[in-house]
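The values are calculated or read from the model by the stated rules, or taken from the named source; none is laboratory data. Note that the coordinates shown come from a computational prediction; the quantities given were computed from them, not determined experimentally. Counting neighbours? That spans all protein chains shown, and the Cβs are built from the backbone with ideal geometry, glycine included.
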Amino acid sequence: MTINTLFKKYIQLGSDDTTSKTELKKIVLFNVFCLGWQLLSVVMAVDEYKEHSSFSVILLSIAMSSAIFMIQFIHYKKHHLLGRILYLFLLIGLTYWYANFLFKENLLEFYFFLVFSKSLIFIDSKRINLVILFIAFLLFFIPNFFFHHYPISMFNDVSIAFLFFAIFIIINYFKNINRTNEAELESKKNDLEKINQFQSQFFINISHEIRTPLTLIKGQIDKLKESDLSSNELENIEQGVDVQVSKIKKMVDDVLDLAKMESADFKINLKTINLNNLIHKIILNFEPLFKEKNIDFKYTHKAQLFIKSDVIYLERALNNIVINALKYTDRNGTVSINLELSKDNVIIKIEDSGIGLSEKDTKKIFERFYQADNSINKAGGSGVGLAFSKEIIELHSGSLTVESELNKGSVFKITIPKTDAVKEIKVHKEEIKEKTFQFDKLVLHQKSYKFLLVDDNREMRAYLADIFKENNCLEAENGAEALKILQENKVDFIITDYMMPKMNGLDFIKNLKPIYPDIPIIMLTARSDSKSKLDVLKLGIDDYLEKPFEKNELMIRVQNSLHNYQKRKIYRNDENIHHSTKNTENWILKVSNYVNKNVANTSLKQEDIAEQFHLSKSSLYRKIKSETGLTPKEFITEVKLQKARTILENNHTISLKELSSEVGFLHNSYFSKLFQKRFGTSPSNFSKSRT
Ligand code: ADP
């Protein structure tokens, strides 16, 4: 051990790892003063001995050293206050003795200034400091009246008394400033340490969270190496990868958005929405997951409630809370979502019978990166979900609170101001009207159509039936059942799921098309069913919609399809055209392929198609119109828009400019408008809602 470290250890005697920085400074000063005093007593003893050869001074020095040593020992044993008070009284006693007896008339009385100064340095208690000051003051003045060491006028001077107190006040003042600064520094340091700790924990968790899906993705990719995979197995792999990629994406998006929210220009886009529809959509999304865990999942609501919301962000905020309810509730538990109205607010309560939270944790779970200490968290989580949800809900002028009891469950309560439903329904309708451009005559509410809803999920069928409640809706659980219903009923429109038992959506369409070529169809697909989408789209007129979908989007797609089929029917009747489905389907597919190949060409015209297919302009017009209900120009646009949609589905980050030029539009805004009209959502919202 070097002298340096030895010295360091010595001056820190009486401290440990838990000692605060301010206290450590006092300890160091105390030990340094003690050491200084010890050295001083040795020097004094040697000096006195040299001059007077008296052993009494040496004995006195030894006594003094021992006393200091004892006091330092008491201090070292963590009796800091006692040690320091004893130190001060030793100083008082010695000063009194030296000044009045041992070395009198040497102005040693002024050492009393040191006494209260040191008291201010070592001791925080105001009362003790004042007592020491008082004692020092009395011992400074009073003995002089008895001993007459100096002319009486010298120590009787008011200015000296003034000096005594002035020095006390000045030192006290600087001590206070210093103390406040140190406390501030200490708290900032603690905050920084806490953030640091949170961040380290966050990175550990995020790495863990990402590693799990990555492992699963790798597993799926490894499966691809096996030969002889059936198309079903390939589809499963594709779905498996998709689910895991979405998980990573969701997490990264939450983190990035949370960071974005710190900037002043982060804004959400509020529009009136029907909250029941949004909650319904969330329920549909989560139902299978709750079922898998055997959790009783309930939803209650009283009325149709409307709020102003950025539905994309609000959905994510609500999803986080529902995901937590799923994550922190054991098998066989219950989770319920309750929607109610209270005065001017809509209240969404998400209640679970899960692991619950301690009182301390309920106060902290909305802080970024905070995670309660429980076994589920050890296996992952990022601690950003609830912070994100709270900030989003507050941007909706709402609030998010929690009531919870450990091992009993939690209730998350979201309060958002309601909006006038009647007025907003009007806006809602106007919005739809606006989006459906010239379809006024075909607006769904003006004529009752017969819909066939094909889905194995009863809830989904009920949801669709509710959307089209002003029309006549028939329901089937799968393709085979739907074909049977079609034998007995004339249907105007079919909405079908893709994944269904017995006969899936694709087989259903294949069976249906040759017999009923004139019924428009929309297929609802999962995000991963990209292969099936392409098959469905072969005519460019049938449509698909990814689950989960927006009600408005679905309505607009339905109206678009109805509109095109209607036009085709009218045209065929007028022209009296008879057609053979198979051949025309193949022909239109060829035209569609040709347009797709030349999709980036901004000046692609119907003349080019006519030339390519050796037809006159008017024959081309007739053929396309009779098959699709669209003019050649509209058909080119349709194929281009479909292409744009496919691109967007595979590339969420593509800019509007890039996208419009990839599909051959010169002007972004024009392209965006057409896209919105066609699919019920703008290109940017389209990719946002699919992330
Ligand atoms: P995490 O990714 O850790 O779930 P969140 O921000 O979503 O991050 O949640 C923060 C913490 O709040 C969680 O770590 C968990 O301890 C606690 N928590 C959230 N929801 C619930 C719940 N429904 N029941 C019990 N604890 C919960």
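Annotations
- Among residues that are within 20 Å of E394 (Cβ to Cβ) and in contact with a Pro (Cβ under 7 Å, 6 or more places away or on another chain), N324 is not included.
- Among the candidates I495, I485, I509, residue that is in a helix (DSSP H, G or I), among the β-branched types (V, I, T) and in contact with a helix residue (DSSP H, G or I) (Cβ under 8 Å, 6 or more places away or on another chain): I509
- The helices (runs of 4 or more DSSP H) found entirely in region 110-203 that carry 2 or more residues being under 23 Å from I85 (Cα atoms) are 111-122, 126-147.
- Where a residue in region 503-529 is closer than 18 Å to T628 by Cβ and modelled with pLDDT of 85 or more and its partner, wherever it lies, is surrounded by fewer than 16 Cβ atoms within 10 Å (Cβ to Cβ) and of a type in the set (K, R), with Cβ under 6 Å and at least six apart: none
- Residue that is nearest to the ligand (Cβ to nearest atom), among those in region 302-311 that are more than 24 Å from the chain's Cα centre (by Cα) and surrounded by 17 or more Cβ atoms within 10 Å (Cβ to Cβ): L305
- Evaluated against (1) within 14 Å of the ligand (Cβ to nearest atom); (2) crowded, with 20+ Cβ neighbours inside 10 Å; (3) part of a helix (DSSP H, G or I), L314 falls short on exactly one condition, (1).
- Looking across region 386-402, just one residue is of a type in the set (S, T, N, Q) and within 12 Å of the ligand (Cβ to nearest atom), and that is S389.
- A count restricted to region 238-291 and to residues that are of a type in the set (S, T, Y), free of Cβ contacts under 8 Å to residues at least 60 places away in the same chain and surrounded by 15 or more Cβ atoms within 10 Å (Cβ to Cβ) stands at 0.
- The residues listed here are V346, V335; of these, the one that is of a type in the set (A, V, I, L, M) and closer than 27 Å to T272 by Cβ is V346.
- Which listed residue is buried (at least 16 other Cβ atoms within 10 Å of the Cβ) and over 41 Å from the mean Cα position of the chain (by Cα), from L483, L464, L453, L524: L483
- Contact map, region 593-605: residues that are on the phi < 0 side of the Ramachandran plot paired with residues that are surrounded by fewer than 12 Cβ atoms within 10 Å (Cβ to Cβ), Cβ distance under 7 Å, separation 6+ or inter-chain. Pairs shown: T602/L666.
- Checking each residue in region 5-15 for being touching a residue at least 40 places away in the same chain (Cβ under 8 Å) and either touching a Lys or Arg at 6+ places or on another chain (Cβ under 8 Å) or of a type in the set (F, W, Y) (or both) picks out only G14.
- Positions within region 342-368 being assigned to a loop (DSSP other than H, G, I, E, B), more than 7 Å from the ligand (Cβ to nearest atom) and closer than 25 Å to L289 by Cα, in sequence order: S353, F366
- The number of residues in region 317-341 that are more than 12 Å from the ligand (Cβ to nearest atom) and assigned to a loop (DSSP other than H, G, I, E, B) comes to 2.
- Residue within region 267-282 that is part of a helix (DSSP H, G or I) and in contact with a Gly (Cβ under 9 Å, 6 or more places away or on another chain) present: no
- Residue identified as closer than 22 Å to E553 by Cβ, within 16 Å of the ligand (Cβ to nearest atom), over 19 Å from the mean Cα position of the chain (by Cα) and not in a loop (DSSP other than H, G, I, E, B) among F290, F297, F286: F286
- Test result for E459, within 41 Å of the chain's Cα centre (by Cα), under 21 Å from N277 (Cβ atoms), in contact (Cβ under 8 Å) with a residue 60 or more places away in the chain and surrounded by fewer than 18 Cβ atoms within 10 Å (Cβ to Cβ): yes
- Subset of region 347-403 that is of a type in the set (K, R) and at pLDDT below 85 - its residue that is farthest from the chain's Cα centre (by Cα): K378
- Residue selected from region 369-385 under the condition within 6 Å of the ligand (Cβ to nearest atom) and part of a helix (DSSP H, G or I), by the criterion nearest to N319 (Cα to Cα): G385
Yes or no, residue by residue, for (1) modelled with pLDDT of 90 or more; (2) in the same structural domain as K21 (by TED's automatic domain parsing); (3) within 60 Å of the chain's Cα centre (by Cα):
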{"site": "F112", "(1), (2), (3)": "yes, yes, no"}
{"site": "K126", "(1), (2), (3)": "yes, yes, yes"}
{"site": "N129", "(1), (2), (3)": "yes, yes, yes"}
{"site": "Y150", "(1), (2), (3)": "no, yes, no"}
{"site": "A161", "(1), (2), (3)": "no, yes, no"}
